[in-house]
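Before any comments, here is the structure.
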Amino acid sequence: MSRLSSSVHQPDRRYNYEDYLNWLDDKRWELIDGVPYDMSPSPSRRHQFILGQLAAEFTSYLRGKPCEAFVAPFDVRLFAETKGDDEIFDVVQPDLSVICDTAKLDERGCAGSPDLIVEILSPSTGKKDRWIKYKLYERAGVKEYWIVEPVNSTVEVFRLNLDGRFELDAVYGQGDRLRVGLFEDLVIDLDVVFAGE
C-alpha cells in the first residue's frame, strides 16, 4: 500500500481525520498514526467472495440483535470517542467490522473500537495487516481480530486477553467450524466461506 503521492503527501507531517475528509482524489485511504496509506488496487474476486460469505454469516446471525456488521468501505475512527476531527489520527477501513455499542455509530462510520475486526490478506496488505494493524487493533482494545489468508484458506483468530494483549486462539482452515468468541452460539462453516475458487 502506497502513501499519498508526493504532490499531496508531506513526509514530516502527521495527518488527521479532517485532512482525510478533504483529500480530492478517488482513491481509498487509511490513516495509521497520522500516516496515510493508499488502499489501491481493488481486492481480488476471491477476496470479495470470502468477504461476502463472512458478511452473510454475521448479518444473518445479528438480525434482531444489538450488534451490527459492516463491510468496507466503512470508516472506523479509532481512539475518537471524545475527539474533534483534527485530533483523530487513526482511520481504518477493515474488511469487516462488528460493533455492539451502537453509541459509537454515526453517519460517518464508527467512532471508537469495533468488538471484532476481520482483515482479508492480499499481496499488498499482508505486512500491514499482520503487524501494523495488529498492533493498532491491540492498542485500541479490539476484542477479537481475524486474519484471513485466502491463498491457504485459513483464519487466524486473535483474542484480547486480560492484560490487553492479543493471544492466538487458533488457526482454522477448510473442514473446520469456527466458533466466534464474541457470540458463543455463532459457528461458521469454513467450507462454505472458502468454497469459491
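Kindly provide the set of residues from the range 101-116 that are in contact (Cβ under 8 Å) with a residue 40 or more places away in the chain and either aliphatic (A, V, I, L, M) or not in a strand (DSSP E or B) (or both), ordered by number.
Scanning the range 101-116 gives 115, 116.
Please find, within the range 78-92, the residue that is surrounded by the most Cβ atoms within 10 Å (Cβ to Cβ) out of those that are within 15 Å of the chain's Cα centre (by Cα) and in contact (Cβ under 8 Å) with a residue 60 or more places away in the chain.
The qualifying residue surrounded by the most Cβ atoms within 10 Å (Cβ to Cβ) is 92.
When the residues of the range 154-195 are narrowed to those that are among the β-branched types (Val, Ile, Thr) and touching a Phe, Trp or Tyr at 6+ places or on another chain (Cβ under 6 Å), which ends up nearest to residue 98 (Cα to Cα)?
157
Within the set of pairs 6 or more residues apart or between chains, which connect a residue that is over 22 Å from residue 57 (Cβ atoms) and open to solvent by 50 Å² or more (accessible area, probe 1.4 Å) inside the range 160-183 to a residue that is assigned to a loop (DSSP other than H, G, I, E, B) and at pLDDT 95 or above with Cβ atoms less than 6 Å apart?
167/161
Of these, 159, 139, which one is farther than 15 Å from residue 70 by Cβ, not in a strand (DSSP E or B) and not acidic (Asp, Glu)? Steps first, please.
Details: 159 fails: not in a strand (DSSP E or B).
When all the criteria are applied, what remains is 139.
When the range 97-117 is examined, which residues are found to be touching an Asp or Glu at 6+ places or on another chain (Cβ under 8 Å) and hydrophobic (A, V, I, L, M, F, W, C)?
98, 99, 100, 105, 110, 111, 116, 117
Whether any residue in the range 55-66 is touching a helix residue (DSSP H, G or I) at 6+ places or on another chain (Cβ under 9 Å), at negative phi and open to solvent by less than 40 Å² (accessible area, probe 1.4 Å) is what I want to check.
The answer is no; no qualifying residue exists.
Out of all the residues in the range 162-186, which are in a strand (DSSP E or B) and in contact with a Ser or Thr (Cβ under 7 Å, 6 or more places away or on another chain)?
Matches in the range 162-186: 171, 172, 173.
The values are calculated or read from the model by the stated rules, or taken from the named source; none is laboratory data. Keep in mind it's a predicted model, so treat the numbers as computed, not measured. Neighbour counts are summed over all protein chains in view; Cβ atoms, including those assigned to glycine, are modelled from backbone coordinates with ideal geometry. To get the accessible areas, we keep the full protein, side chains included, count just its heavy atoms, and leave off ligands, DNA and RNA. Shrake-Rupley method; radii C 1.70, N 1.55, O 1.52, S 1.80 Å.
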